[in-house]
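A short write-up of the structure that comes next.
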Amino acid sequence: MENDIRTTVELCNSSGHSILELTKAETMDVIEQNQGVWIFVNNRLVRSTAELEQVNWADVNNLKLTGPLLGGQI
C-alpha cells in the first residue's frame, strides 16, 4: 500500500516555500515539474530520482526539495 502513504514534502523554489502532504507518485510529479532540485530524504541528499524510487516510502519522515546550493566568495 505504498501508493497510499503520504509524507511531508517541503518545496523551496522561486515562488517561495510550500509544505505539502504527498504520496510517492505525487512527489515524483512535483520533482519532474521542478527539474534540477536537490532532494533530501530524512535530511540525507538523494542523488537521483532513480535512487528515490528505491526508497521505502514508509521510512520517509520528511522530504525537502530545494534549488542547488552554491558556495564560494564574491
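Overview of values
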read-out: From phi via Karplus (6.51, -1.76, 1.60), per-residue ³J(HN,Hα) for segment 64-71 in Hz, x at Gly/Pro; value: 10, 10, 9, x, x, 8, 10, x
read-out: Neighbour-count order for V55, V41, fewest beta carbons within 10 angstrom listed first; value: V55, V41
read-out: Cα-centred dipole magnitude for segment 2-66, charges only on beta-carbon of K, R (+1) and D, E (-1), debye, nearest 20; value: 280
read-out: Between 0 and 90°, nearest 10: helix 24-33 axis offset from the chain longest Cα axis; value: 30
read-out: Peptide ranges 56-62, 66-72, 20-26 listed from the most packed, as the mean C-beta count within 10 angstrom indicates; value: 20-26, 56-62, 66-72
read-out: Of (1) 2.79; (2) 1.24; (3) 1.11, the label for Cα Rg over 2.2 N^0.38 Å derived from the coordinates; value: (3)
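Any read-out appearing in this document is the output of simple, stated calculations on the displayed coordinates, not a laboratory observation. Keep in mind that this is a model prediction, so the values were computed, not measured. Every residue, glycine among them, receives a Cβ derived from its backbone with ideal geometry; neighbour counts consider all protein chains shown.
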